[in-house]
Amino acid sequence: MALLGIDVGTTGIKATITDNDGEYISSAYREYPTHSPRSGWFELDPDEVWEKAKIVIKNAARKCGEKIISVSSSSLGESFVMLDKKGKVLSNSMLYTDTRGSSETSELIEKLTSQRIMEKTGLKPALVFSLPKLMWIKKNRPELYDKIDKIIPFGGFILYKLGGPIATDITLGLRTMALNTNSKKWDEEIIEASGIDADIFPEIHETGTIIGHVSQFASNELGLSTDIQIVAGAHDQIMCAIGSGILHPGEALDGMGSVDNISPIFQYNDRVVEMATNNYATVSYLNGLYTTYAYVNDGGTLLRWYRDNLGESENIVSKYLGISVYDIFNDYCSQKPTNILILPHFSGSAMPYMDSFSKGAILGMDLGTNKQKLYRAILEGISYEVRVNIENLEAYGVPIDRLRASGGGSRSDIWLQIKSDILNKEIDAVENIEAGTMGVIITAGVAAGTFDSYESAMKKLIKIRRVFKPNKNYHEQYNENFERYKKIYEMQKNILKKPKLVAGG
């Protein structure tokens, strides 16, 4: 028997099939474009996404000799698909990066206050979420709004096209800013204040709920059996946590991809508003527990910057030898802590500042600085920023005792040791770096009865490659540097503040 997992990303979609032991059988991936009809507008075409979904599902299933018994999904958050009464797509979907919804966010705050919204949703009001964008559509495209029968997130949309109901899981529902994080129901007060019709929101299910079976239509189109169970999925970050074996309070995921994201597991507390005020959402997780997203914009992206701008010779060597250029960087990386401080805000700041105007900074270089030291300083800078977020969360009563690292960055032993030294915490490196895919497979398998529970599935499928323990001597040196590091953000903010326009200038 086999399990099918589908991951819907911002730039592409992937289908992966494994057996009951989580062993890879087949997979397929296809990209799709982001459309930008105007400056600041960023959209996905849902029909285009579905066409690519059909290709990857058929290609993956064609290579699978096992009987597929269950399918689930993970997907990007915030974006939603608009369906008419016949279930047809009405228009492109706005991405979270789309700038529409700013004034609508302000209008909602004026009616309810930020405090009230944060108490209910665990989110700091922002235009990235679905609700302000729906308000924008109603105001600026009433002819489109009037045709909407239901909205649905992309993960739910793919499952709907396979034969499931028009539904969302709780974690993606929370990214609308219309779902109450405590009651796990659509919040009547927020929806009424927004002016959006309450009946356009889809039904809600817990992650891992069996919500249907593959339809005859989808079966005919894709060659799948109608016996396959359709299982409610989750937001991609949630699936990464599940696929890394994160289950108990005190444990945290460190997803080391383009973005470096920390997701700790904790029990619901009364500091939801305080956390949301500082941009840390409170998100429903498994077994009545909660998590949050504490991410640094420039994780892997900063390493790519180094590769593309300073690693020309290493790129040539890596291609000649047929190895990863990052293996070369890691091999020549300085083995001892540096005193160079790098603020990794090359793409602006994510948590905790959420300052898109913040800039990167490099301090402490001298004539003895070389590429080996600079590369290590980049790894240190990202890790310092992670520590800022972890210390904030611990101050809010969210304990983080141990990290599990997954994603491409978790293949770097030198980086994981640096993180362990800076954070003074043990870090387990997960063997399978595609934790999101594993999370979807586990969710589908638990729902199908292949596994007794999430915990038993995690114990069976998730293996630890290596455990990294902090070096006390290095930690002491990093503590001194960290105190200096924490001053850089405000310093560069004051020095590099947006210049005022001068008349006649």
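The values are calculated or read from the model by the stated rules, or taken from the named source; none is laboratory data. Small disclaimer: the values here were computed from a predicted structure and weren't measured. Ideal geometry is used to build each Cβ from the backbone, glycine not excepted, and the neighbour counts take in all protein chains shown. Ligands, DNA and RNA are excluded from the accessible area calculation, which covers all protein heavy atoms including side chains. Shrake-Rupley method; radii C 1.70, N 1.55, O 1.52, S 1.80 Å.
So that you can scan it fast, the table gives a plain yes or no per residue for (1) in contact with a Cys (Cβ under 6 Å, 6 or more places away or on another chain); (2) modelled with pLDDT under 90; (3) loosely packed, with under 12 Cβ neighbours inside 10 Å:
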position: I462; (1), (2), (3): no, no, no
position: R465; (1), (2), (3): no, no, no
position: F468; (1), (2), (3): no, no, no
position: N473; (1), (2), (3): no, no, yes
position: R484; (1), (2), (3): no, no, no
position: I488; (1), (2), (3): no, no, no
position: K493; (1), (2), (3): no, yes, no
position: K498; (1), (2), (3): no, yes, yes
Of everything in the range 209-223 that's part of a loop (DSSP other than H, G, I, E, B) and modelled with pLDDT of 95 or more, which residue is nearest to the chain's Cα centre (by Cα)?
T209
Selection from the range 157-169 of residues that are in contact with a Leu (Cβ under 8 Å, 6 or more places away or on another chain) and open to solvent by less than 10 Å² (accessible area, probe 1.4 Å):
L162, A167
From S349, S358, S383, S334, grab the single residue that is over 30 Å from the mean Cα position of the chain (by Cα), small (G, A, S), on the phi < 0 side of the Ramachandran plot and crowded, with 16+ Cβ neighbours inside 10 Å.
S334
Which ones in the range 316-369 are touching a Ser or Thr at 6+ places or on another chain (Cβ under 6 Å) and within 22 Å of N392 (Cα to Cα)?
H345, G348, S349, D355, S358
Go through the range 170-188 residue by residue and tally those that are open to solvent by less than 40 Å² (accessible area, probe 1.4 Å), closer than 18 Å to P132 by Cβ and outside any loop (DSSP other than H, G, I, E, B).
4
When restricted to E203, E189, the only residue in contact with a strand residue (DSSP E or B) (Cβ under 8 Å, 6 or more places away or on another chain), of a type in the set (D, E) and touching a residue at least 12 places away in the same chain (Cβ under 8 Å) is E203
Could you list, in sequence order, all residues of the range 29-60 that are β-branched (V, I, T), buried (at least 18 other Cβ atoms within 10 Å of the Cβ) and under 21 Å from the mean Cα position of the chain (by Cα)?
V49
So how many residues does the range 446-458 have that are in contact (Cβ under 8 Å) with a residue 12 or more places away in the chain and loosely packed, with under 14 Cβ neighbours inside 10 Å?
0
If you scan the range 67-85, which residues turn out to be surrounded by fewer than 15 Cβ atoms within 10 Å (Cβ to Cβ) and either without any contact (Cβ under 8 Å) to a residue 40 or more places away in the chain or under 21 Å from V440 (Cβ atoms) (or both)?
K67
Can you name every residue in the range 326-343 that is outside any loop (DSSP other than H, G, I, E, B), out of contact with any strand residue (DSSP E or B) (no Cβ under 9 Å at 6 or more places or on another chain) and closer than 17 Å to R304 by Cβ?
Y326, D327, I328, F329, N330
